[in-house]
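Engineer: Take a look at the following structure, please.
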Amino acid sequence: MAAKRKSKGAYMISAVAEMYEIHPQTLRLYEREGLLKPSRTEGNTRLYTDEDLERLEFILNLARDLGVNIAGIAIILQMRERMEEMNRQMQSFVEYVRTEMLARFQQNAAGSAGAIVPLRRPAVAPRPAAPRKP
């Protein structure tokens, strides 16, 4: 589904319903079910951000194109959020390991004796085999 947005901002429920050719009650249902969480003005008017619209497009793709029901959409969105959180945690771990490795390389380059990973016994490289004579 192609985005029909032109600029950044917040959109009222009537504008979103028109852009995506859905009834405003559908948007209210998605909010009641916890699929969408638009912000509210002081007057309690729903405002949909660009991020809300991206999420709505994903929901509509699941519902319209793939025939997924609301319960299935909720499960898929929860799984997607968990995967994104796991990805953030993995990226954080990779950054930690990278930082640690760079620090140890720098320690070794500064003249600190030892290996990146301490060895229990000295490492001995095998001698190359003598070339065979024909």
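Engineer: Please specify each residue of the stretch 16-39 satisfying the condition of being assigned to a helix (DSSP H, G or I) and in contact (Cβ under 8 Å) with a residue 12 or more places away in the chain. First the steps, then the outcome.
Structural biologist: First, the residues of the stretch 16-39 that are assigned to a helix (DSSP H, G or I): 16-19, 24-32.
Passing the criteria: Val16, Met19, Leu27, Arg28, Leu29, Tyr30, Glu31.
Engineer: Hey, among the residues in the stretch 69-113 that are at pLDDT below 95 and not in a helix (DSSP H, G or I), which one's surrounded by the most Cβ atoms within 10 Å (Cβ to Cβ)?
Structural biologist: Per the criteria, the residue is Ser112.
Engineer: May I pose another question? Is one or more of the residues making up the stretch 103-114 over 24 Å from the mean Cα position of the chain (by Cα) and either closer than 30 Å to Gly9 by Cα or of a type in the set (D, E, K, R) (or both)?
Structural biologist: Here is the first cut: in the stretch 103-114, the residues over 24 Å from the mean Cα position of the chain (by Cα) are 103-114.
The next check asks that each one be either closer than 30 Å to Gly9 by Cα or of a type in the set (D, E, K, R) (or both); those that pass are 104.
Within the stretch 103-114, one or more residues are over 24 Å from the mean Cα position of the chain (by Cα) and either closer than 30 Å to Gly9 by Cα or of a type in the set (D, E, K, R) (or both).
The values are calculated or read from the model by the stated rules, or taken from the named source; none is laboratory data. Here the structure is a predicted model, which is why all the values come from computation and not from measurement. Reconstructed Cβ throughout: ideal geometry from the backbone, glycine too, with neighbour counts over all protein chains shown.
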